[in-house]
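**Student:** Take a look at the following structure, please.
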Amino acid sequence: MKWDIFCNVVDNFGDIGVTWRLARQLVAEHGQSVRLWVDEPAVFAPLCPQADPEADSQWQQGVEIRHWRQDWQPAEAADVVIEAFACQLPGAYLDAMAARPEKPTWLNLEYLSAEDWVAGCHGLPSFQANGLQKAFYFPGFIEGTGGLLRESGLLERRQAFLTDPDARRAFLEELGVELDDDALLISLFAYENAALAGWLDVLAAGDRPVQLLVPVGRVLADLAKWLGEEKLTAGARFSRGKLAIQVLPFVSQDDYDRILWCCDFNAVRGEDSFVRAQWAGKPLLWHIYQQEEDAHWDKLEAFLVLYCAELSPAASAALTEGWRAWNRGEGMGEAWNGLLAQWPEVSLHADNWCRQQAARTDLATGLVQICTKPL
Ligand code: TRH
């Protein structure tokens, strides 16, 4: 089948991160023919370093990447049309969809949420002005939702990488990271966060060495402030007490996965890195994307309820407090010490959660299934 996936970059990397991941999986694992339309190809390029940020049309990993321009040029409508995150399709493309003798399957791929209402809305149809029907596809963590993006064999690849004694060290060395075997290795990908300083204070003053890897991005300004530096760039290294800090370059999606796999603890954000950290099977800290009227807190709490359901009350409280502190922007130092006290259980749980989620049908497979057997 032919697929058109439309991505409007709202901000940051998540919109294109999710659609690019989905597009290449549909090609690689399901033999689909996929065009990915993105309105800001320059935002795509960092995730796929071979990409040309200027190109109107290019092929990457079997996916045709098209610049979705304001001045839309006529294009044939595909068999399956995915509008990511409720983006508005071009009017002429909607007409082309309606004009097809065999109507396309039209889906709105929604944001990920663990909230209760999601399963009730997954798959709901809605009739559109052009006479076609569009359905809502909701990713999710529970039965009745559309699952999570997960490539086939992902956990096996992670396992093979981690059990090869030289692979982890060699990979990190390529990034300029010299591993300290005694240190706790942490990755930090976050938005601006006032809670960072308190956390760094505690890490620097702790008993155990910590190596903190920070890809270039929005949190660097807070990090620079704490370090007393004017500006930070990739490659910069610092040492404060027990804490060694290194700024990393922004790497491809696949290499970012490897960074997550290598670390003992991953601070992530948004939607896609949040899911990837779960596939790493290690304890994680989620900086949720802030929404108007604090709507993101409902999402955060809903995920915590689900994620902590099998934890002891003490471990659940420690993890919950850590995530709340990080997201409200204060109290992360004390919360970190609380989390350390529950480390063995929280670590084991991260691995169990990963395996439980991996037993479910992945999002791309779910999509292909409903396109062959509609919802
Ligand atoms: O970048 P994000 O904050 O993105 C989003 C979007 O802004 C979106 O508008 C919002 O709705 C959503 O969050 C919730 O976070 P996310 O989703 O984790 O996307 C980051 C992507 O960048 C992800 O695909 C992983 C990738 N990445 C790399 O490829 N290399 C890197 O070095 C790093 C740090 C990330």
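**Student:** Taking the stated definitions as given, is Ala197 open to solvent by 70 Å² or more (accessible area, probe 1.4 Å) and within 21 Å of Ala325 (Cα to Cα)?
**Tutor:** no
**Student:** Anything in region 82-107 that is exposed (fewer than 13 other Cβ atoms within 10 Å of the Cβ), aliphatic (A, V, I, L, M) and under 30 Å from the mean Cα position of the chain (by Cα)? List them, or say none.
**Tutor:** Selection gives Ala86 alone.
**Student:** Among the candidates Ala309, Ala315, which residue alone is open to solvent by less than 10 Å² (accessible area, probe 1.4 Å), modelled with pLDDT of 95 or more and farther than 19 Å from Val268 by Cα?
**Tutor:** The unique qualifying residue is Ala315.
**Student:** Just wondering, is there one or more residues in region 289-301 that are more than 13 Å from the ligand (Cβ to nearest atom) and either open to solvent by less than 10 Å² (accessible area, probe 1.4 Å) or of a type outside the set (D, E, K, R) (or both)?
**Tutor:** Looking for residues that are more than 13 Å from the ligand (Cβ to nearest atom) and either open to solvent by less than 10 Å² (accessible area, probe 1.4 Å) or of a type outside the set (D, E, K, R) (or both), one finds at least one in region 289-301, hence yes.
**Student:** I need the full set of residues from region 23-40 which are in contact with a strand residue (DSSP E or B) (Cβ under 7 Å, 6 or more places away or on another chain) and surrounded by 23 or more Cβ atoms within 10 Å (Cβ to Cβ), in order please.
**Tutor:** Ala23, Leu26, Val34, Leu36, Trp37, Val38
**Student:** Within region 54-70, is even one residue within 14 Å of the ligand (Cβ to nearest atom) and over 18 Å from Thr365 (Cα atoms)?
**Tutor:** yes
For (1) under 27 Å from Val38 (Cβ atoms); (2) out of contact with any Asp or Glu (no Cβ under 6 Å at 6 or more places or on another chain), each residue gets a yes or a no:
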{"position": "Leu89", "(1), (2)": "yes, no"}
{"position": "Leu94", "(1), (2)": "yes, yes"}
{"position": "Glu102", "(1), (2)": "yes, yes"}
{"position": "Val118", "(1), (2)": "yes, yes"}
{"position": "Gln128", "(1), (2)": "yes, yes"}
{"position": "Phe138", "(1), (2)": "yes, no"}
{"position": "Glu143", "(1), (2)": "no, yes"}
{"position": "Leu149", "(1), (2)": "yes, yes"}
{"position": "Arg158", "(1), (2)": "no, yes"}
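**Student:** Give me a count of the residues in region 239-278 that are more than 10 Å from the ligand (Cβ to nearest atom) and farther than 29 Å from Phe141 by Cβ.
**Tutor:** Of the residues in region 239-278, 9 are more than 10 Å from the ligand (Cβ to nearest atom) and farther than 29 Å from Phe141 by Cβ.
**Student:** Then there is this: In region 1-17, what count of residues is obtained for those that are part of a strand (DSSP E or B) and among the acidic types (Asp, Glu)?
**Tutor:** Summing the residues that are part of a strand (DSSP E or B) and among the acidic types (Asp, Glu) in region 1-17 gives 1.
Per-residue answers, yes or no, for (1) over 21 Å from the mean Cα position of the chain (by Cα); (2) farther than 19 Å from Trp297 by Cβ:
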position: Met332; (1), (2): yes, no
position: Leu339; (1), (2): yes, yes
position: Leu348; (1), (2): yes, yes
position: Arg355; (1), (2): no, yes
position: Asp362; (1), (2): no, yes
position: Thr365; (1), (2): no, yes
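**Student:** Among the residues of region 1-22 satisfying the criterion of being closer than 14 Å to Trp68 by Cα and open to solvent by 50 Å² or more (accessible area, probe 1.4 Å), which is nearest to the ligand (Cβ to nearest atom)?
**Tutor:** Ranking the candidates gives Val10 first.
**Student:** Something else: Look through Gln356, Gln342 and report the one residue that is farther than 19 Å from Leu185 by Cα and open to solvent by 20 Å² or more (accessible area, probe 1.4 Å).
**Tutor:** Gln356
**Student:** Another question, then. What pairs come out if I take residues in region 82-103 that are closer than 28 Å to Asp272 by Cα and free of Cβ contacts under 8 Å to residues at least 60 places away in the same chain and pair them with residues that are part of a loop (DSSP other than H, G, I, E, B) and acidic (Asp, Glu) whose C-beta lies under 9 Å away, six or more apart or interchain?
**Tutor:** Ala86/Glu110
**Student:** Leu112 passes all but one of (1) surrounded by fewer than 17 Cβ atoms within 10 Å (Cβ to Cβ); (2) at pLDDT 95 or above; (3) more than 16 Å from Ala23 (Cβ to Cβ); which number fails?
**Tutor:** Failed condition: (1).
**Student:** Pairs needed: first member in region 10-32, among the β-branched types (Val, Ile, Thr); second member anywhere, within 12 Å of the ligand (Cβ to nearest atom) and open to solvent by 30 Å² or more (accessible area, probe 1.4 Å); C-beta distance under 6 Å; at least 6 residues apart or different chains.
**Tutor:** If the second residue must be within 12 Å of the ligand (Cβ to nearest atom) and open to solvent by 30 Å² or more (accessible area, probe 1.4 Å), no pairs are left.
**Student:** Can you give me the number of residues within region 44-92 that are in a loop (DSSP other than H, G, I, E, B) and either not assigned by TED's automatic domain parsing to the domain that holds Gln133 or not small (Gly, Ala, Ser) (or both)?
**Tutor:** 22
**Student:** Would you mind finding the one in Phe141, Phe127, Phe161, Phe136 that is at pLDDT below 95 and over 20 Å from Arg237 (Cβ atoms)?
**Tutor:** Going through Phe141, Phe127, Phe161, Phe136 in turn, the sole match is Phe127.
**Student:** Sticking with this one: In region 323-335, what residues are open to solvent by 10 Å² or more (accessible area, probe 1.4 Å) and out of contact with any His (no Cβ under 7 Å at 6 or more places or on another chain)?
**Tutor:** Answer for region 323-335, where residues must be open to solvent by 10 Å² or more (accessible area, probe 1.4 Å) and out of contact with any His (no Cβ under 7 Å at 6 or more places or on another chain): Arg324, Arg328, Gly329, Glu330, Gly331, Glu334.
**Student:** Let me ask something else. Please give the helices (runs of 4 or more DSSP H) falling wholly within region 217-286 in which 1 or more residues are surrounded by fewer than 21 Cβ atoms within 10 Å (Cβ to Cβ) and not hydrophobic (A, V, I, L, M, F, W, C).
**Tutor:** Per the criteria, 220-227, 253-262.
**Student:** Look at region 151-189 and say how many of its residues are within 30 Å of Leu367 (Cβ to Cβ) and surrounded by 15 or more Cβ atoms within 10 Å (Cβ to Cβ).
**Tutor:** Total satisfying the criteria: 9.
The values are calculated or read from the model by the stated rules, or taken from the named source; none is laboratory data. Everything numeric in this text was worked out from a predicted model, so none of it was measured. Using ideal geometry, Cβ is built from the backbone for each residue, glycine included, and neighbour counts are taken over all protein chains shown. Calculation scope for accessible area: heavy atoms of the full protein, side chains included, ligands and nucleic acids excluded. Shrake-Rupley method; radii C 1.70, N 1.55, O 1.52, S 1.80 Å.
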